[in-house]
């Protein structure tokens, strides 16, 4: 393995771990505070009235996807699913980007480099081999 390959492996692993951490925290919110998660779904995805049980089910599905993503299993599907989940989240916040200095809207811009990280992981999934099962 060349020095360049080693650097790429470490970079992709770090991206995978940190993307996992962020999405995992958003997923845990569905279990700890399902009412808050329901408000997020209502405001950003225009899906109202999600009950706690449904939010737990959504969270459980996300946890499975995220754990498979974390270990690098079926990368085409798990990395793709994380990319799609984050892309939907990023694009659904469009109004916040138009008023960056209102309230906490400036924080929404952090979604863009994370979207780039998800996209990079998806594109380079075959090279992401460090601590990966496939």
Exercise for the section: Return the only residue of 18, 78, 27 being out of contact with any helix residue (DSSP H, G or I) (no Cβ under 6 Å at 6 or more places or on another chain) and either touching a residue at least 60 places away in the same chain (Cβ under 8 Å) or within 29 Å of residue 133 (Cβ to Cβ) (or both). Expected result: 18
Completion exercise
By residue number, the members of the range 75-103 that are over 16 Å from the mean Cα position of the chain (by Cα) and surrounded by fewer than 15 Cβ atoms within 10 Å (Cβ to Cβ) are 94, 95, 98, 99, 100, 101, 102, 103
Completion exercise
Subset of the range 18-37, residues closer than 20 Å to residue 73 by Cα and surrounded by 13 or more Cβ atoms within 10 Å (Cβ to Cβ), comes to 19, 20, 22, 23, 24, 27
Problem - the range 23-38, subset over 22 Å from residue 112 (Cα atoms) and assigned to a helix (DSSP H, G or I), residue farthest from the chain's Cα centre (by Cα) - result: 35
Handout entry: Residue count for the range 38-55, restricted to those that are surrounded by 14 or more Cβ atoms within 10 Å (Cβ to Cβ) and more than 13 Å from residue 89 (Cβ to Cβ)
Key = 5
Problem - Selection status of residue 69, at pLDDT 95 or above and outside any helix (DSSP H, G or I) - result: no
Problem - Scope the range 77-134; condition outside any helix (DSSP H, G or I) and closer than 20 Å to residue 38 by Cα; matching residues - result: 92, 93, 104
Problem - Given (1) farther than 30 Å from residue 131 by Cβ; (2) in a helix (DSSP H, G or I), index of the condition residue 48 fails - result: (2)
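The values are calculated or read from the model by the stated rules, or taken from the named source; none is laboratory data. Remember, predicted model here, so these are calculated numbers, not experimental data. Cβ coordinates were reconstructed from backbone atoms using ideal geometry, including for glycine residues, and neighbour counts include every protein chain displayed.
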